[in-house]
Amino acid sequence: MIEVSHLTKEYGPFTAVDDISFELVPGEILGFLGPNGAGKSTTMKMLTGFLRPSAGTVRIWGCDMWKDSLTAQSRIGYLPEGAPAWEEMTPLGFLNFVGEARGVVAGRDLESSVSRAVSIMSLESVLHQKIETLSKGFKRRVGLAQAILHDPDVLILDEPTDGLDPNQKHQVREMIKGLSKDKIVIVSTHILEEVTAVCSRVMVLSEGRIVSDTTPAELLEKSDYHGAVAISLSDESKADEIVATLGQLVGVREVMTDGQQLVVFPVTDDGRLFPEVFELTQKSHWPVDSVHVEKGRLDEVFRRLTEGADR
Amino acid sequence: MKLNVVVKRELQSYFATPIAYVFIVVFLVLSSVFTFYLGNFFERQQADLIPFFSFHPWLYLFLVPAISMRLWSEERKTGTLELLMTLPLSRRDIVLGKFLAAWIFAGLSLLLTFPIWITVNYLGDPDNGVIFASYIGSWLMAGGFLAIGSCMSALTRSQVIAFVLCGFVSLVFVMAGFPMVLDAFKGWMPMLFVDMIAGLSFLTHFSAVSRGVLSLQDFLYFMSVIAVWLTATSIVLDMKKGD
């Protein structure tokens with residue numbers, strides 16, 4: 001498990017990470033969300049032992065990152081931001097080096113670890129090309145292969161899907177989800193859907209502080225849109241009339257329109273609004289394409305939680 | 001102890017790019033030019049390699065920074081430093097490993113000057129013990145230059161700045177025994193310190209070596225120069241890696 005306590009990083013008067021504490025147990029997939037400069041990468045750099053914290057400790061299975069960094073680091077697989085690699089090497093040479101540096105014994109162990117990582121990341125076709133000649137997507141996958149090479153207990157990935165096409169993104173998410181249940185994964189991302197698609201826990205950082213630490217579902221519940229009923233009209237002409245009728249329903253707080261899209265917000269989120277609205281659309285023969293209950297909108301929650309950070 | 005893993009990767013990197021080949025060719029051409037034209041190898045009519053070795057400090061002055069400038073600057077710039085330092089490798093293995101690879105590479109370039117050794121043996125009857133000692137001494141001095149370069153490279157992301165800094169600091173070390181450096185200290189420093197500065201000169205230590213006298217004192221001198229600058233490299237890396 002990972003125990004992070006009172007982790008702080010100061011650069012002169014600027015505090016990049018401000019007194020962060022949390023614990024992670026095997027099986028958890030943690031998503032770090034936050035605007036640029038919120039401290040996601042700095043936190044990851046301290047978790048992996050690259051940067052020394054100004055204060056606080058990181059323990060990996062009880063092993064202090066600064067007192068016994070080699071033992072702690074050997075349990076971690078890390079993809080730094082931008083997936084750096086020695087460009088003059090081939091992916092095969094690169095993976096062999098990382099394997100040896102991680103203490104995978106040269107010989108059959110190393111060979112099987114490398115070929116496992118290569119097949120998970122589908123790198124067979126580029127194994128002998130220089131990394132500098134590879135596309136951005138392949139470079140990222142080489143970086144990911146390096147991180148999972150030694151089947152680590154902890155996988156820390158800084159923006160793993162950045163620069164990948166939709167198919168590759170899907171592949172990487174499946175890879176993360178497919179890791180066995182005794183691993184800990186920490187992923188940072190800008191992509192909000194990724195969090196609901198992959199993570200079991202979300203931490204929103206803003207100005208170096210944790211502003212929310214919860215599950216993706218609970219994060220969605222914080223949204224104004226959670227429990228609202230969205231109606232998609234096939235014909236805009238009747239929109240005004242429909243809005244007026246819906247507005248008179250007892251449980252309705254507000255109706256928002258955007259062309260053919262209507263959103264009906266309930267006074268209290270008790271699930272009774274949808275049947276009521278649905279029945280009304282049927283009875284009144286409105287030109288309706290679809291009616292559904294909103295789960296919530298992450299971008300709206302994200303903006304609310306981190307508001308002010310950009311100013 | 002994964003020193004050899006780091007050394008192996010570094011050495012492979014030298015030869016995966018044109019850097020190694022360009023360096024070796026330029027080094028061989030320049031060392032020959034210096035020996036035959038400036039050193040008057042033939043005109044001296046003596047079977048020794050003093051004209052060859054005596055130019056090495058000046059040759060290293062601008063060739064060694066060309067190897068050492070990329071040691072850390074490039075890693076910082078491309079982000080591989082972060083990767084390297086989060087692998088379970090000790091700081092000592094990383095700093096020493098990168099240095100050793102560069103030193104081995106410099107040694108290899110030096111070995112490839114063997115035709116001049118064959119030439120002098122063909123032309124006359126030199127003292128090969130002296131030549132061997134001079135080779136070792138020259139290699140030790142290259143290590144001193146490289147260790148300075150390693151520290152300068154750790155200071156900055158820019159390879160150009162690393163090159164210039166390394167050239168400058170190396171020049172100070174080479175010239176430490178010269179009046180132009182010593183005069184700057186003579187007026188206000190006790191004589192003891194001025195003598196100490198003079199004692200730090202690469203040239204003072206190398207001039208004995210180039211005549212084939214490799215004393216324990218000179219050996220220890222170059223080894224301590226290397227140790228001090230590599231320690232400094234490690235400290236600088238710690239201070240600057242977050243930038």
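The values are calculated or read from the model by the stated rules, or taken from the named source; none is laboratory data. Everything numeric in this text was worked out from a predicted model, so none of it was measured. Here the Cβ positions follow ideal geometry from the backbone for every residue, glycine too, while neighbour counts run over all protein chains shown.
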- Message: Which pairs turn up if I take residues in region A:165-186 that are closer than 10 Å to A:ILE29 by Cβ and look for partners that are β-branched (Val, Ile, Thr) and loosely packed, with under 13 Cβ neighbours inside 10 Å with beta carbon separation below 8 Å, at least 6 apart in sequence or on another chain?
- Response: A:ILE184/A:VAL25
- Message: Residues that are surrounded by 15 or more Cβ atoms within 10 Å (Cβ to Cβ), within 14 Å of chain B (Cβ to nearest Cβ) and in contact with a Ser or Thr (Cβ under 6 Å, 6 or more places away or on another chain), at least 1 per element: which strands (runs of 3 or more DSSP E) completely within region A:1-76 meet that?
- Response: A:2-11, A:14-24
- Search region B:182-210 for residues being buried (at least 20 other Cβ atoms within 10 Å of the Cβ) and not hydroxyl-bearing (Ser, Thr, Tyr), and hand back the single one that is nearest to B:THR233 (Cα to Cα). B:PHE202
- Item | Which listed residue, of B:TYR21, B:TYR14, is surrounded by 19 or more Cβ atoms within 10 Å (Cβ to Cβ) and either part of a loop (DSSP other than H, G, I, E, B) or within 14 Å of chain A (Cβ to nearest Cβ) (or both) | B:TYR14
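What helices (runs of 4 or more DSSP H), lying completely within region B:169-243, carry at least 3 residues that are modelled with pLDDT of 80 or more and in contact with a helix residue (DSSP H, G or I) (Cβ under 7 Å, 6 or more places away or on another chain)?
Working: elements: B:179-186, B:191-199, B:202-210, B:216-240.
Filter on region B:169-243 gives B:202-210, B:216-240.
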- Note on the structure: In the set A:VAL250, A:VAL255, A:VAL277, A:VAL288, the lone residue that is surrounded by fewer than 16 Cβ atoms within 10 Å (Cβ to Cβ), over 31 Å from the mean Cα position of the chain (by Cα) and aliphatic (A, V, I, L, M) is A:VAL250
- Inspect region B:70-86 for any residue being free of Cβ contacts under 8 Å to residues at least 40 places away in the same chain, over 30 Å from A:VAL98 (Cβ atoms) and polar (S, T, N, Q) and give the result as yes or no. no
- Query: Mind checking which residues of region B:37-88 are assigned to a loop (DSSP other than H, G, I, E, B), within 14 Å of chain A (Cβ to nearest Cβ) and buried (at least 23 other Cβ atoms within 10 Å of the Cβ)?
  - Reply: B:LEU87
- Query: What are the residues in region A:96-105 that are under 27 Å from A:LEU164 (Cβ atoms), more than 9 Å from chain B (Cβ to nearest Cβ) and among the β-branched types (Val, Ile, Thr), if any?
  - Reply: A:VAL104
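Taking the condition loosely packed, with under 15 Cβ neighbours inside 10 Å and either away from chain B (no Cβ under 14 Å) or over 25 Å from A:ARG209 (Cα atoms) (or both), does A:GLU111 pass? Before you say what the answer is, go through the steps one by one.
Numbers: loosely packed, with under 15 Cβ neighbours inside 10 Å: yes; either away from chain B (no Cβ under 14 Å) or over 25 Å from A:ARG209 (Cα atoms) (or both): yes.
Considered against the rule, which asks whether it is loosely packed, with under 15 Cβ neighbours inside 10 Å and either away from chain B (no Cβ under 14 Å) or over 25 Å from A:ARG209 (Cα atoms) (or both), A:GLU111 comes out as yes.
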- Task: Consider only pairs whose beta carbons are under 8 Å apart and that are at least six residues apart or on different chains; among these, list those whose first residue lies in region A:83-95 and is facing another protein chain (nearest Cβ under 8 Å) and whose second residue is surrounded by fewer than 19 Cβ atoms within 10 Å (Cβ to Cβ) and not in a helix (DSSP H, G or I).
- Result: A:PRO84/B:GLY79; A:GLU87/A:LYS130; A:GLU88/A:LYS130; A:GLU88/B:THR17; A:MET89/A:LYS130
- Item | Enumeration of residues in region A:157-216 that are touching a helix residue (DSSP H, G or I) at 6+ places or on another chain (Cβ under 7 Å) and of a type in the set (Lys, Arg) | A:ARG173, A:LYS177
- Query: Any idea which of (1) out of contact with any helix residue (DSSP H, G or I) (no Cβ under 7 Å at 6 or more places or on another chain); (2) modelled with pLDDT under 90; (3) of a type in the set (Ser, Thr, Tyr) is the one B:THR78 doesn't satisfy?
  - Reply: (2)
- Message: For a quick check of your reading: which strands (runs of 3 or more DSSP E) sit entirely within region A:226-300 and have at least 3 residues that are over 25 Å from A:THR215 (Cβ atoms) and not aliphatic (A, V, I, L, M)?
- Response: A:252-258
